[in-house]
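Encoded as structure tokens, the structure appears first; notes follow it.
Any read-out appearing in this document is the output of simple, stated calculations on the displayed coordinates, not a laboratory observation. A quick note: this is a predicted structure, and the numbers were derived from the prediction, not measured. Note: ideal-geometry Cβ built from the backbone for every residue, glycine included; neighbour counts use all protein chains shown.
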Amino acid sequence: MPIIEAKALVKGFRRWFQRGPYQPVLRGIDLEVREAEIHAILGLNGAGKTTLLRLILGLQRPDQGVLLVFGVDPSIEIDWKQQIGYLPEQAIFPFPSQSVWDLLYEQAQRKRIKPENRVSEVERVSALCRIESIVDRCCGSGLSYGQQRRVMLAQALLGSPRLLLLDEPFNGLDIPQMAQIVDLFDALRKQGTTIVLSSHLLPMLERLCDRITLLKTGRILGTRSPDAWTSSMASRYWRFRAKEPLSEASRARWGIVERQGWLCIDTAIHSDPQAVLRDILPLGVLSWSCVPTLEEVFLSCHAEDGSEEGGG
């Protein structure tokens with residue numbers, strides 16, 4: 001049985017105190033999340049990602065369709081919620097003057113962790129998220145934005161939940177911290193944890209995820225592995241790496257641009273990119289590729305419009 005299963009799921013909202021028109025956000029989506037996978041929900045702002053996560057949490061009810069989490073309706077059953085951890089997009093601290101340690105200890109109590117295990121559990125998640133040095137600080141003004149995000153992640157990990165729902169987990173983190181979190185997520189997956197996340201950091205998703213669901217204006221365009229997404233379309237760019245840096249004159253001569261560490265030949269400019277490659281081989285081409293990146297796939301799917309309808 002899938003951990004999460006949605007069929008013909010519809011959700012929308014009315015604005016202006018219920019007097020405005022109905023605004024659809026999710027428009028009949030079908031989704032399946034398997035056990036022990038890292039599954040990304042990818043889309044522009046307003047595509048419906050956060051609304052979907054809130055439905056899975058049971059914070060909202062769908063207008064139509066069926067949604068099952070651990071085989072039950074999350075808006076009715078409550079026992080399953082002890083098996084889930086949630087990281088919202090924005091850090092939420094009801095008592096900003098409360099210390100990080102007290103916050104985590106209180107949340108361990110709410111998650112029904114046995115009294116004799118609460119201290120060790122707070123220490124465990126603090127070590128996982130590398131926040132041991134800040135547990136005595138206040139949650140509010142005592143922390144930077146990146147530290148607040150790691151505290152919220154530690155809170156989500158309390159009790160070793162079977163399912164993690166993470167809304168923009170890399171926000172506010174520097175590159176070394178992102179690498180640490182990626183390693184943590186990979187270790188959790190190997191332990192059997194299912195992770196559903198939304199993020200705009202496409203290189204991270206391409207490296208980390210088992211499958212990616214592409215959401216556009218509340219509709220699912222598809223669910224595939226990162227490799228399947230990138231192999232599903234032809235690349236606009238031929239990429240290569242050279243032994244020596246190219247001069248500005250050489251770049252201008254062949255119209256070469258740099259994207260994500262690759263030197264790229266735009267096929268929209270050159271009808272025969274192989275001929276360009278032959279010309280630059282003497283410069284020491286180390287490797288080349290014509291496989292698109294996840295970013296290219298994403299931009300191609302959204303080429304017709306630059307914004308999403310609705311919200312969430």
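Return the whole-Å distance between the Cα centroid of the stretch 243-257 and the Cα centroid of the stretch 90-148.
Between the Cα centres of the stretch 243-257 and the stretch 90-148 lies a distance of 51 Å.
For a Förster distance of 25 Å, can you work out the FRET efficiency between the beta-carbons of THR267 and ALA8, rounded to the nearest 0.05?
About 0.05, to the nearest 0.05.
Give me the extension gain from GLU116 to ILE76: residue separation times 0.36 nm, minus the current Cα-Cα distance, reported in nm with one decimal.
11.3 nm
To the nearest 10 degrees, how steeply does helix 175-190 sit against the main Cα axis of the chain, on a 0 to 90 scale?
Helix 175-190 and the main axis of the chain meet at about 70 degrees.
In percent, what relative contact order does the chain have, based on Cα pairs under 8 Å that are 6 or more apart in sequence?
On the way: 560 pairs, mean separation 70.7, N = 312.
Contact order relative to length: 23 percent.
At most 11 other C-beta atoms within 10 Å and a DSSP loop state: those are the exposed trypsin sites (Lys or Arg not before Pro) I care about. Give me the longest piece of the chain that has none.
Longest run free of exposed loop sites: 113-242.
Under the rule a/c < 1.5 gives rounded, and otherwise a/b versus b/c splits prolate from oblate, where does the stretch 6-104 land using the Cα gyration tensor?
Cα axes put the stretch 6-104 in the oblate bin.
What length, rounded to one decimal in nm, is gained on full extension from ASP102 through to SER231, with 0.36 nm per residue of separation minus their alpha-carbon distance?
Using 0.36 nm per residue and subtracting the Cα-Cα distance, I get 41.6 nm.
Can you pick out the pairs among LYS11/LYS190; LYS111/LYS190; LYS11/LYS114; LYS7/LYS114; LYS49/LYS114 whose Cα atoms lie more than 30 Å from each other?
In this structure, LYS11/LYS190; LYS11/LYS114; LYS7/LYS114; LYS49/LYS114 lie more than 30 Å apart at Cα.
Give me the percent of DSSP beta bridges within the stretch 4-230 that run antiparallel, rounded to the nearest 5.
So the antiparallel bridges in the stretch 4-230 amount to around 55 percent.
Using the Kirkwood radius built from alpha carbon pairs, what does the Stokes-Einstein equation give as D for the stretch 53-137 at 37 °C and 0.692 mPa s, in µm² per second?
Details: Rh = 14.9 Å.
This corresponds to a translational diffusion coefficient of 220 µm²/s.
Please grab the % of Cα pairs in the chain that end up more than 30 Å from each other.
Summing the P(r) tail past 30 Å for the chain gives 44 percent.
What's the longest bit of the chain with no exposed chymotrypsin sites (Phe, Trp or Tyr not before Pro), using DSSP loop states and at most 11 other Cβ atoms within 10 Å as the test?
18-312
In the Gaussian network model of the chain, springs joining C-alpha atoms below 10 Å, which of LEU299, LEU55, LEU188 carries the largest mean-square fluctuation?
The residue with the greatest mean-square fluctuation here is LEU299.
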